[in-house]
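Below you'll find the structure, written out as structure tokens, and then a few comments.
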2 protein chains.
Amino acid sequence: MNVIYFDNAATSFPKPERVINAMQNYFKNIGASPGRGGYKNSINAGRIIFETRSKLKKLFNAPKEENIIFTLNVTHAINYSLNGFLNAGDHVITTSMEHNSVIRPLRFLEKYRNIELTIINCDKNGILNPDDIRKAIKKNTKLIALTHASNVTGTVMPIEEVAKIKKENGVVLLLDTAQTAGFLDIDFKKLDIDILAFTGHKSLLGPQGTGGLVLSDNIAKTLIPFIHGGTGSKSEIEFQPDFLPDKFEAGTPNTIGIAGLSSAVDFLEEEGLNKIRNHELELTKQFIEGIIEIPKIKIHGLKNIENRVSTVSITVDNIDPAFLAYKLDNQYNIMVRPGLHCAPLAHKTIGTFPYGTLRFSFGYFNTKEEVDFAIKALIKIIEEGE
Amino acid sequence: MNVIYFDNAATSFPKPERVINAMQNYFKNIGASPGRGGYKNSINAGRIIFETRSKLKKLFNAPKEENIIFTLNVTHAINYSLNGFLNAGDHVITTSMEHNSVIRPLRFLEKYRNIELTIINCDKNGILNPDDIRKAIKKNTKLIALTHASNVTGTVMPIEEVAKIKKENGVVLLLDTAQTAGFLDIDFKKLDIDILAFTGHKSLLGPQGTGGLVLSDNIAKTLIPFIHGGTGSKSEIEFQPDFLPDKFEAGTPNTIGIAGLSSAVDFLEEEGLNKIRNHELELTKQFIEGIIEIPKIKIHGLKNIENRVSTVSITVDNIDPAFLAYKLDNQYNIMVRPGLHCAPLAHKTIGTFPYGTLRFSFGYFNTKEEVDFAIKALIKIIEEGE
């Protein structure tokens with residue numbers, strides 16, 4: 001029996017076949033460390049890294065190739081930004097829909113580095129009222145840290161409005177695109193984002209171990225490096241170089257992973273985000289429509305496919321999400337994720353704390369048949385539970 | 001024409017074929033995020049991570065599986081340690097043979113966090129006198145940060161003596177095993193190391209994007225997390241969990257890379273470090289003996305194979321190392337690395353600053369024929385240059 005994978009908000013699976021082929025090619029034919037030697041294979045490794053920056057620059061409409069910084073994952077990218085940007089006394093505004101990748105570093109900085117934190121409550125559907133951001137801005141507000149879309153409800157945040165507010169007030173915007181990069185069209189320059197954090201292994205369809213930052217030229221200048229070490233450049237100086245991307249990248253990068261990501265971005269480019277998005281939202285619509293009339297099921301968040309990504313959180317009356325996930329896996333080989341999804345405040349916001357939700361997140365390689373099968377399986381489990 | 005790869009101190013190449021096979025298996029058959037769901041593939045991903053910890057625990061004789069922390073690379077591992085351990089007023093002792101992965105974060109902490117730094121000079125062969133460490137210890141000395149072997153000269157440091165000194169003085173030892181893990185036998189518990197930083201992609205023969213820390217139980221308790229974010233555990237709390245390994249790992253790990261590393265450690269186990277080491281040191285001996293009589297060549301560091309790893313740095317009178325490397329690559333397809341190797345102080349120590357050295361670093365898959373060919377090529381280039 002084939003497995004059905006609906007946990008694409010955690011990591012996409014499967015990936016395009018070409019991703020592993022690109023990794024294999026690097027593994028077998030290149031292998032060297034980029035920027036650490038002048039010989040052919042090292043130069044070829046460096047070229048892979050540069051080309052991937054170039055593709056991501058195009059995808060996000062970033063200022064320049066070197067403004068793309070590679071990190072282990074999006075969490076690291078967010079940590080680099082917050083730690084390198086915030087000082088004691090600075091005020092940060094964020095929302096109740098954030099992932100722990102934003103909340104935990106901010107709570108740490110609040111407790112140990114004396115930053116000031118305001119968390120704006122979103123409504124029961126996870127919707128942010130941008131006016132609440134505007135009202136929260138104070139003299140010492142330095143940063144707005146905002147998820148582009150909730151990993152629990154799939155709700156897309158009003159980033160155009162927030163970008164306008166931050167501009168009017170001279171505040172910096174950090175956008176966490178963990179759930180949107182490779183799914184929504186993101187125009188870094190047009191939206192006037194200052195710091196964009198992305199992951200490579202979700203909608204970008206690359207391997208785990210990849211992610212990074214897009215920095216505006218201004219931020220690139222003022223941000224203090226978080227990680228220090230060898231860069232293969234300016235090796236004579238005992239401090240991190242001050243130019244991009246070396247200022248924010250230290251040690252050997254995940255070249256094989258980046259080679260995979262590079263190929264994944266080619267795939268996205270060839271298919272087109274629009275086609276990918278339409279397919280995933282079609283499945284989302286099919287799923288919502290298939291369960292919305294079932295009295296015991298509650299869908300948390302938006303019930304349509306406007307302003308959302310392909311993630312749907314549900315609860316079922318009197319049945320623990322963990323039990324539902326277990327049954328779906330065990331009896332139907334359907335892989336979904338129960339619980340808090342590393343976003344406790346989001347569950348407090350939508351009223352599903354502490355048990356969380358059962359989350360279905362659809363990917364480009366899922367089919368209508370799979371969604372249909374899952375709806376039927378879910379109904380059967382609920383009936384049996386009665 | 002086949003290429004000859006002698007830059008194994010930067011990253012090992014090739015890797016055992018089974019490494020990419022393990023990555024491919026994860027890519028095709030598992031794919032999920034570990035510890036983020038209860039379904040089969042997520043559990044299988046979690047099992048890969050746990051098994052790799054278990055293998056590394058055995059390899060290093062670490063206290064427990066969860067004391068192995070995965071990071072992007074050894075530089076990150078060192079940054080986690082220094083930043084999470086040192087406070088203003090703390091004194092750190094290190095050596096002049098360190099890589100920029102140690103020097104740069106320490107210089108940063110010295111400048112911006114008011115730590116106090118003493119750098120012990122090693123001799124012209126890169127040899128550390130442990131008594132110099134002893135003499136440098138002060139009341140506020142909290143840490144000794146020491147490379148296990150120089151990435152420039154290959155000189156192995158007297159870590160038994162340093163471990164004794166640190167124990168007598170109640171100081172913590174951070175050992176950078178970038179050049180030794182997978183080559184030398186390292187007994188974490190017996191040597192009484194507190195923090196061991198390792199890379200996965202050099203002598204451990206795993207893919208780039210892997211590395212980490214081994215922490216003693218004491219350090220694990222006191223070290224403050226450097227990266228904060230989702231762990232798939234204790235998701236209801238807005239701070240990093242205080243248990244291992246989650247305390248020091250945030251965000252999705254490089255599961256595919258760790259799957260490769262796991263298989264690489266199996267390879268090391270099956271071949272045996274002793275056999276691997278003997279082969280690499282045989283090549284080192286052959287290389288040194290083949291060039292030691294050439295008047296224009298100077299070997300920097302030890303001339304025998306005691307207390308060293310398989311890395312040899314040379315200079316040639318009146319010829320820039322970069323030119324030699326270019327010629328070797330361009331005319332003979334031999335890949336070696338010229339320059340400072342991210343260790344400026346080491347070159348000041350051995351007298352090769354600012355041009356650096358030409359570095360040959362041999363790996364398990366190199367052959368006697370390759371070394372012979374390289375010696376002849378080197379002699380020919382020198383003759384032509386005359």
Query raised in the report: So how strong a dipole does region A:17-270 carry about its Cα centre when Lys and Arg Cβ are +1 and Asp and Glu Cβ are -1, to the nearest 20 debye?
Result: 280
Report summary line: Sorted by chain and number, the residues with a modelled amide H under 5 Å from that of residue B:86, at a separation of 5 or more or across chains, are none
Report task. List every DSSP H helix in chain B whose Cα atoms extend 18 Å or more along the helix's own long axis and whose mean Kyte-Doolittle hydropathy is at least 0.0. Result -> B:255-271, B:368-385
Query - Label-point separation in nm, residue A:373 to residue B:306, each point 7 Å along Cα→Cβ - result: 6.7
Query raised in the report: Going through region A:128-217, which trypsin sites (Lys or Arg not before Pro) have at most 14 other Cβ atoms within 10 Å and a DSSP loop state?
Result: A:138, A:139
Query raised in the report: Which ³J(HN,Hα) values in Hz, rounded to whole numbers, follow from the phi angles of region B:193-204 under the Karplus curve 6.51 cos²θ - 1.76 cosθ + 1.60, where θ = phi - 60° and Gly and Pro get x?
Result: 7, 9, 9, 10, 9, 10, 10, x, 10, 9, 5, 6
Query raised in the report: For the residues A:203, A:42, what sequence is obtained by ranking on other C-beta atoms within 10 Å, fewest first?
Result: A:42, A:203
Query - Inter-probe distance in nm under a simple model that places probes 7 Å from Cα toward Cβ, at residue B:28 and residue B:51 - result: 1.6
Query - Amide H partners (placed H, <5 Å) of residue A:308, local residues excluded - result: A:156
Query - Cα centroid separation, region A:267-296 to region A:133-155 (Å) - result: 27
Report summary line: The percentage of Cα-Cα pairs in region A:221-372 separated by more than 21 Å is 62
Query raised in the report: Can you tell me the Rg and Dmax of region A:212-273, counting just the alpha carbons, in angstroms?
Result: 14.7, 45
Query raised in the report: About its Cα centre, what dipole magnitude does region B:1-140 give when the only charges are +1 on Lys and Arg Cβ and -1 on Asp and Glu Cβ, stated in debye to the nearest 20?
Result: 480
Query - Signed unit charges on C-beta, dipole axis of region A:17-270, positive-most listed residue A:256, A:147, A:193 - result: A:256
Report task. Indicate the gyration tensor shape class of chain A (rounded, prolate or oblate), computed on the Cα atoms with a ≥ b ≥ c the square roots of the eigenvalues: a/c under 1.5 is rounded; otherwise a/b larger than b/c is prolate and the rest oblate. Result -> oblate
Query raised in the report: Residue by residue, what Karplus-based ³J(HN,Hα) values in Hz, rounded to whole numbers, does region A:206-220 have, using 6.51, -1.76 and 1.60 with θ = phi - 60° and x for Gly and Pro?
Result: x, x, 4, x, 10, x, x, 10, 10, 10, 6, 4, 4, 5, 4
Requested in this report: Given the options B:73, B:151, B:218, state which has the largest fluctuation in a GNM of chain B using a 10 Å cut-off (strictly under) for Cα springs.
Outcome: B:218
Query raised in the report: When chain A is modelled as a GNM with alpha-carbon springs shorter than 10 Å, which of A:293, A:236, A:306 fluctuates the most?
Result: A:236
Query raised in the report: Out of residues 5 or more away from residue B:203 or on other chains, whose amide H comes under 5 Å of its own, with H placed 1.01 Å from N in the peptide plane?
Result: none
Report summary line: For residue B:222, inter-copy label-point distances (7 Å, Cα→Cβ), nm, shortest first, read 3.7
Report task. Apply 1/(1 + (r/R0)^6) to the Cβ-Cβ distance of residue A:43 and residue A:224, taking R0 = 22 Å, and write down the FRET efficiency to the nearest 0.05. Result -> 0.10
Report summary line: residue B:330 and residue B:289 label points (each 7 Å along its Cα→Cβ direction) are spaced in nm at 3.4
Query raised in the report: Shortest first and in nm to one decimal, what separations exist between residue B:272 and its copies in the other chains, measuring from label points 7 Å along the Cα-to-beta-carbon line?
Result: 6.2
**Report entry** Antiparallel bridge percentage (DSSP; both residues within chain A; nearest 5)
**Finding:** 55
Requested in this report: Put a label point 7 Å from Cα along the Cβ direction on residue A:28, then list its distances to the equivalent points in the other copies in nm, shortest first.
Outcome: 1.3
Query raised in the report: Rounded to two decimals, what ratio of Rg to Rh does region B:11-116 give with C-alpha atoms and a Kirkwood Rh?
Result: 1.10
Report task. Send over the per residue convex hull volume for the protein assembly as shown, Cα only, as a whole number of Å³. Result -> 142
Requested in this report: Rounded to the nearest 0.05, what FRET efficiency do residue A:167 and residue A:243 give with R0 = 22 Å and r taken as the Cβ-Cβ distance? Could you check?
Outcome: 0.25
Query raised in the report: Can you give the net charge of the other residues whose Cβ lies under 15 Å from the Cβ of residue B:370, counting K and R as +1 and D and E as -1?
Result: -3
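A short reminder: the numbers here are calculations on the coordinates, not readings from a lab. Predicted model only: the values in this text are computed from it and were never measured. Note: ideal-geometry Cβ built from the backbone for every residue, glycine included; neighbour counts use all protein chains shown.
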